[in-house]
C-alpha cells in the first residue's frame with residue numbers, strides 16, 4: 001500500500017499534461033458559475049414576489065441555505081455526473097492503449113496499489129472541483145447569513161457523491177480498452193443510479209416493496225438529500241463507503257483477470 005501515493009501522483013501528472021484536465025476544470029467552473037447566477041436570480045425574484053404579495057409567513061420560512069444553496073448543490077451533482085466519466089475514462093484505458101499495462105502489472109506494485117492509486121488521483125481531482133464549488137456559497141456569507149452547518153454538510157455530501165462517481169468511473173475504465181466506451185459505461189451507470197428512485201415509483205415492480213426500497217437505497221441522490229438538509233447520518237456515510245469499496249473491489253477483479261488471460 002506504500003506505493004499508492006506514487007501511482008496517484010503519476011496519474012495526476014498525466015492528467016494535467018493532457019488538455020482533458022484543464023478542459024474539464026474550465027467547463028466545470030463555467031457551468032457552476034452559470035448555475036449559481038441563475039439560482040441567485042431566481043431566489044431574489046422569489047423573495048421580491050413574496051414581499052410584493054405580503055406573504056410574510058412564507059417569507060420568514062425562506063432562507064439562503066434551503067432555497068438557494070441546497071438546489072445549487074443538487075445541480076452540481078448533475079454536473080459531476082456528466083464530467084466525472086470524462087476524468088476517469090483514461091485511468092486504465094490509456095495503459096492498455098499505450099501498451100504499458102503489462103509493465104505495470106509485472107512491476108513490484110500490487111493490484112491494490114494500482115487501483116487505489118488511480119482512484120486516489122481521480123478523487124483528488126474531484127476534490128479540487130468541489131473546492132471550487134465552495135467559493136460560490138462562500139460569497140453568500142459576505143452578503144447574507146446562510147446556515148454554516150447545513151452548508152458544510154451539503155458540501156461534504158457533494159464530495160462523497162463525487163468520490164462515488166470516481167469509483168464507478170474507475171471500474172468502467174478497467175473493463176474496456178476504449179476511452180469512449182469507458183465514458184459511456186460510466187455515464188450510463190451513473191444515470192441509472194440517479195433514475196432508480198423514479199423507477200421504483202413507476203409501479204413496474206408490483207407489490208415488491210422491499211425491492212423498491214433496495215433500489216432507492218442504491219441511489220446516490222437519496223443519501224445526498226439528508227446531507228443537503230444538514231443531517232449527516234451514519235447510514236448515509238456507510239452507503240458511500242460501501243459503494244466506493246464495492247466498485248474498487250470490482251475494479252481490482254477486472255484488472256487482476258488480465259493476468260489470467
Report task. For region 66-101 and region 216-250, compute the distance between their C-alpha centroids and round to whole Å. Result -> 17 Å
Report task. Along Cα→Cβ, 7 Å out, is where each label goes; now give me the distance between the ones at residue 128 and residue 42 in nm to one decimal. Result -> 3.0 nm
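Would you calculate, for the chain, the mean residue ellipticity at 222 nm contributed by helices, counting each DSSP H stretch of 4 or more residues as -39,500 (n - 2.57) and dividing by all residues, to the nearest 500?
Numbers: 12 runs with 210 residues, N = 261.
So the helix-based figure for the chain works out to -27000 deg cm²/dmol.
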Query - Acute angle (nearest 10 degrees) that the helix 209-218 long axis makes with the longest principal axis of the chain, alpha-carbon atoms - result: 80 degrees
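Report the relative contact order of region 4-260, percent, no decimals, based on alpha-carbon pairs under 8 angstrom and at least 6 residues apart. Walk me through the intermediate numbers first.
Details: 274 pairs, mean separation 67.2, N = 257.
This gives 26 percent for region 4-260.
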Requested in this report: Please sort 167-174, 188-195, 16-23 by packing, taking for each peptide the average over its residues of neighbouring beta carbons within 10 angstrom, highest first.
Outcome: 167-174, 188-195, 16-23
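What's the extension gain from residue 178 to residue 5 if we count 0.36 nm per residue and subtract their Cα-Cα distance?
On the way: separation 173, 0.36 × 173 = 62.28 nm, distance 2.58 nm.
Once the chain is fully extended between residue 178 and residue 5, it gains 59.7 nm.
Which number do you get for Rg(Cα) / (2.2 N^0.38 Å) in region 42-174? Numbers along the way, then the final one.
Details: Rg = 20.8 Å, N = 133, 2.2 N^0.38 = 14.1 Å.
It is 1.47.
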Query - Among 129-135, 251-257, 67-73, the order from most to least packed when residues are scored by Cβ within 10 Å on average - result: 67-73, 251-257, 129-135
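What is the packing order of peptides 176-182, 113-119, taking the mean over residues of other C-beta atoms within 10 Å and listing the highest first?
On the way: 176-182: 17.0, 113-119: 24.4.
Result, highest mean Cβ count within 10 Å first: 113-119, 176-182.
Calculate the tail of P(r) for region 4-260: the fraction of all Cα-Cα distances greater than 29 Å, expressed in %.
38 percent
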Report summary line: Longest principal axis of the chain (C-alpha) makes with the long axis of helix 70-88 (C-alpha) an angle, in degrees to the nearest 10, of 20 degrees
Report task. Could you work out how far helix 19-52 tilts from the main Cα principal axis of the chain, as a 0 to 90 degree angle to the nearest 10? Result -> 10 degrees
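Between residue 235 and residue 253, what is 0.36 nm times their sequence separation minus the Cα-Cα distance? Round to one decimal in nm.
On the way: separation 18, 0.36 × 18 = 6.48 nm, distance 2.66 nm.
Additional length available on full extension: 3.8 nm.
Where a number appears in this text, it was derived from the coordinates with a stated rule and is not lab data. Note that this is a predicted model, so its numbers are computed, not measured. All Cβ positions, glycine included, derive from the backbone under ideal geometry; neighbour counts span all protein chains shown.
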